[in-house]
2 protein chains.
Amino acid sequence: MVAPVVLSIDAMSGDHGHTVTVDAALLALSEIPELKLILVGDEAILAASLAAHKHVDVSRISIRHASEIVEMHESPSKALRNKKDSSMRVAINLVKEGEAQAAVSAGNTGALMATARFVLKMLPGIERPAIVSAIPSINGHVHMLDLGANAECDAQQLLQFAVMGSAIVNAVHGIERPTVALLNIGEEEIKGNEVIKAAAGMLATSGLNYIGFVEGDGIFLKDVDVVVCDGFVGNIALKTGEGVAKMMKQFMQEEFTRNIFTKAAAAMAMPALKALGKRMDPRHYNGASFAGLNGIVIKSHGSADALAFSNAIHVAVREVKQDVPKRIAALLAATLGSEPALEPLK
Amino acid sequence: MVAPVVLSIDAMSGDHGHTVTVDAALLALSEIPELKLILVGDEAILAASLAAHKHVDVSRISIRHASEIVEMHESPSKALRNKKDSSMRVAINLVKEGEAQAAVSAGNTGALMATARFVLKMLPGIERPAIVSAIPSINGHVHMLDLGANAECDAQQLLQFAVMGSAIVNAVHGIERPTVALLNIGEEEIKGNEVIKAAAGMLATSGLNYIGFVEGDGIFLKDVDVVVCDGFVGNIALKTGEGVAKMMKQFMQEEFTRNIFTKAAAAMAMPALKALGKRMDPRHYNGASFAGLNGIVIKSHGSADALAFSNAIHVAVREVKQDVPKRIAALLAATLGSEPALEPLK
């Protein structure tokens with residue numbers, strides 16, 4: 001028998017709150033037999049929402065009351081200080097207390113990160129968490145980090161990101177020695193800044209499968225498993241990619257609705273266009289890990305629909321099954337030597 | 001009668017040298033009646049290349065011999081020091097000496113930048129040149145800078161970039177007060193770094209039409225004329241966008257060649273797909289300005305074909321007609337006060 005996986009769901013989070021998270025939870029339960037979920041939030045609202053569905057298996061889904069909600073644009077420090085009974089905080093507390101093995105939230109990224117760090121602490125030897133996600137590439141997908149947790153990073157942090165990315169890809173995709181590249185610019189005059197040069201030197205002797213620099217286009221076009229960069233550059237690259245994909249989609253819609261002939265062509269081309277849409281569908285990539293924490297927290301996009309949020313639940317399940325934090329700690333010790341592993345938990 | 005525009009062409013530059021630049025030169029001459037071109041490079045090679053074409057109007061195209069070529073991966077400092085008779089150097093010298101009003105090259109970016117700075121010097125009040133180019137956006141296009149000349153920038157430089165971008169868009173597109181945005185990240189926890197916050201403060205009181213921050217997707221989706229960032233982030237964003245566009249093109253090709261039905265659909269959809277391709281065609285955006293120099297130098301992509309290189313020639317002609325360096329200097333004086341304008345030319 002497969003061991004159960006228990007997740008806490010910040011059910012009040014995101015732009016749509018329980019109207020999305022409850023549907024997503026039920027969808028994920030139908031897809032993953034070993035899954036059990038604890039919905040965290042306003043008990044009356046969540047009970048009513050569940051009651052609206054038929055055939056809810058109450059042995060696999062329960063509600064934990066939380067009286068507050070962290071707003072999407074609330075200051076992280078205020079949320080952390082003042083909302084100790086928020087659905088976000090309680091969901092993460094459940095991980096800390098061992099009732100859940102991971103938490104999933106579509107809430108305010110900054111507040112979620114601050115709360116997760118405060119409650120779960122960092123793995124020994126990791127200075128800062130990083131946001132990591134799979135994104136589509138010509139070879140299937142690539143994992144990229146940091147996508148926005150750290151606006152400025154030193155070389156040591158970039159090395160830690162490389163370790164975390166390698167451990168996740170190894171754990172979740174079974175690739176023994178994932179290839180790792182540093183995101184850099186290719187202008188002849190100024191090949192990168194001092195931080196990136198130092199990180200390249202450290203990666204070359206780290207024992208990781210470091211393959212060198214990639215430029216922005218290489219994220220999507222090169223055969224690489226993990227792309228490492230600071231959170232400012234990573235967030236810009238991620239959103240730039242989203243922007244170009246949306247622009248091209250818009251251009252295609254304009255061109256295919258231009259006249260009766262292009263509309264007829266679009267009807268015929270629909271299967272191919274739908275297949276293209278599916279390959280690029282950001283919902284299938286929803287669910288970013290907060291890597292480096294002493295616990296698993298998965299961040300869904302705030303605007304996620306039920307399909308997208310359920311994908312974030314799948315990401316959490318995969319990380320739980322492979323005990324990703326433990327694997328990160330082990331790879332970190334193997335890569336950097338035993339010293340950081342001896343550092344006490346803060 | 002329209003005043004002639006005289007350009008020097010680094011005819012040996014780029015991945016394809018004279019095999020592309022000569023065709024591009026003749027194409028541009030056929031499109032722009034007032035254009036005159038000086039092809040700079042190996043006289044024998046260029047004369048033979050021109051002789052292979054019929055009906056070359058020798059009153060509008062001439063050859064200036066240069067005995068050396070700067071290689072695509074040559075060190076900028078070595079090129080500057082050792083190749084004083086390179087086609088690149090001679091083409092820029094012609095601008096300095098007033099024989100040409102602008103130079104166009106597909107050569108090594110670093111060497112071109114170093115040579116242009118050394119020969120032409122900076123405009124008073126500008127610390128460093130920036131690479132600026134139009135890129136496609138949902139509203140037509142947007143100008144972005146810096147695309148790779150400066151890996152690290154301070155707030156004052158970002159302000160200067162905003163001035164340069166505004167002056168170029170004003171001059172070339174006739175927009176009276178172009179909107180300017182700073183590229184930033186949207187994570188709630190860390191909205192930008194100290195440099196960007198300081199630049200935002202300076203822009204808000206600069207008198208430029210500053211509209212605030214845009215995120216990576218906003219480059220392509222928001223209604224903005226000028227997007228300002230440092231050269232590291234700008235280069236990553238530019239190439240990330242190129243990578244996503246190439247990936248989507250590849251995915252479309254795969255989906256439309258999957259079976260006989262999708263192939264038939266592709267044939268029907270060809271007019272719409274071609275129109276899409278044309279809107280995204282990077283050749284129509286080829287030609288980046290080195291803004292901030294006391295003269296006009298346009299950089300073509302190294303891999304440009306004749307159509308793309310001719311587009312870079314068009315960019316140069318537009319900048320010459322509007323005397324872009326003079327407009328940048330004037331807007332800089334108006335924005336920053338007269339102090340920098342009093343700084344002597346270096």
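Nothing in this text is a laboratory measurement; each read-out follows from the coordinates by a stated rule. Because the structure is a prediction, the values reported are computed rather than measured. No Cβ is skipped: glycine too gets one built from the backbone with ideal geometry, and neighbour counts run over all protein chains shown.
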Between A:LYS326 and A:GLU34, what is the spin-label point distance in nm, taking each point 7 Å from the Cα along the Cα→C-beta axis?
1.3 nm
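With a 10 Å Cβ neighbour count serving as the proxy for reagent exposure, in which order, fewest first, do A:LYS222, B:LYS274 appear? Could you put the intermediate results ahead of the total?
On the way: A:LYS222 18, B:LYS274 11.
Going from least to most buried by this count: B:LYS274, A:LYS222.
How big is the convex hull of the Cα atoms of region B:127-283, per residue, in Å³?
Details: hull volume 19.8 nm³, N = 157.
Given the Cα convex hull of region B:127-283, per-residue volume reads 126 Å³.
Going by C-beta contacts inside 10 Å, put A:SER166, A:SER67 in order with the fewest on the left.
Values: A:SER166 29, A:SER67 13.
Least to most surrounded, the residues fall as A:SER67, A:SER166.
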So if R0 is 35 Å, what FRET efficiency would A:ASP15 and B:ARG177 give, r being the distance between their Cβ atoms, rounded to the nearest 0.05?
0.55
Tell me the Kirkwood radius of region A:242-346: reciprocal of the mean inverse pair distance over distinct alpha-carbon atoms, in Å.
17.3 Å
Chain A, Gaussian network, Cα under 10 Å: of A:LEU50, A:LEU159, A:LEU293, the residue fluctuating most is A:LEU50
The alpha-carbon pair-distance distribution computed for region B:16-98, with 5 angstrom bins and whole-percent values, is 3, 14, 24, 23, 18, 11, 5, 2, 0
Pop the C-beta distance of B:ALA334 and B:ASP154 into the FRET formula with R0 = 35 Å and round what comes out to the nearest 0.05.
0.95
Relative contact order of region A:128-284 (C-alpha contacts under 8 Å, at least 6 apart) in percent is 29 percent
Distances in nm between the label point of B:LYS321 (7 Å along Cα→Cβ) and its equivalents in the other copies, shortest first, are 6.3
Among B:ALA102, B:ALA47, B:ALA167, residue whose mean-square fluctuation peaks in a GNM of chain B (springs only between Cα atoms under 10 Å)
B:ALA47
Between region B:208-239 and region A:186-257, how far is it from one alpha carbon centroid to the other, in angstrom?
17 Å
Report, as an integer, the average count of C-beta atoms from other chains found within 10 Å of each Cβ along A:260-268.
4
Rounded to two decimals, what is the ratio between the C-alpha radius of gyration of chain A and 2.2 N^0.38 Å?
1.03
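Normalise the Cα radius of gyration of region A:267-317 by 2.2 N^0.38 Å (N = residues in it) and let me know the number. Let's see the in-between values first.
Values: Rg = 14.2 Å, N = 51, 2.2 N^0.38 = 9.8 Å.
Ratio of Cα Rg to 2.2 N^0.38 Å: 1.45.
For region A:1-129, what does the relative contact order come out to in percent, with C-alpha contacts under 8 Å and a separation of six or more?
On the way: 222 pairs, mean separation 38.7, N = 129.
After rounding, I find 30 percent.
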Inverse mean reciprocal Cα-Cα distance (Kirkwood Rh) of region A:87-164, Å
14.0 Å
Would you mind listing the distances between the B:ASN259 label point and the same position in each other copy? Use 7 Å along Cα-to-C-beta, nm, one decimal, shortest first.
3.2
At B:GLY207, label 7 Å along Cα→Cβ: distances to the other copies, nm, ascending?
6.1
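Can you give me the relative contact order of chain A as a percent, contacts being Cα pairs under 8 Å and 6 or more apart? Before the final figure, lay out each step's value.
Working: 684 pairs, mean separation 79.8, N = 346.
About 23 percent, as a whole number.
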Non-local residues with an amide H under 5 Å from the amide H of B:SER137, with H modelled 1.01 Å from N and Pro and chain starts lacking one, are B:VAL142
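Within chain A, which whole H helices from DSSP have a Cα span along their axis of at least 20 Å and a mean Kyte-Doolittle hydropathy of 0.5 or more, if any?
Working: long enough: A:155-173 (26 Å, 0.96); A:231-256 (37 Å, -0.02); A:260-280 (27 Å, 0.68); A:306-321 (22 Å, 0.72).
Passing helices, by number: A:155-173, A:260-280, A:306-321.
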Just from its helices, what would the mean residue ellipticity at 222 nm be for chain A, if runs of 4 or more DSSP H residues each count -39500 (n - 2.57) and the sum is divided by every residue, rounded to the nearest 500 deg cm²/dmol?
-15000 deg cm²/dmol
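At a 10 Å Cβ-Cβ cut-off, how would you order B:SER310, B:SER62, fewest neighbours first? Walk me through the intermediate numbers first.
Values: B:SER310 27, B:SER62 14.
Ascending Cβ contact count within 10 Å gives the list B:SER62, B:SER310.
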In nm², what is the average projected area of the convex hull enclosing the Cα atoms of the protein assembly as shown?
34.8 nm²
Calculate the translational D of region A:1-146 in whole µm² s⁻¹ from Stokes-Einstein, where the hydrodynamic radius comes from the Kirkwood formula applied to all Cα pairs, the temperature is 4 °C and the viscosity 1.567 mPa s.
80 µm²/s
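So if we plug the beta-carbon distance of A:SER59 and A:GLN250 into 1/(1 + (r/R0)^6) with R0 = 51 Å, what FRET efficiency do we get, rounded to 0.05? Intermediate results must be reported in sequence, preceding the final value.
Details: r = 46 Å, r/R0 = 0.90.
Taking R0 as 51 Å, the efficiency between A:SER59 and A:GLN250 is 0.65.
Of all DSSP beta bridges located in the protein assembly as shown, what percent are antiparallel, nearest 5? Could you put the intermediate results ahead of the total?
Working: 24 of 84 bridges.
Counting only bridges with both partners in the protein assembly as shown, antiparallel ones make up about 30 percent.
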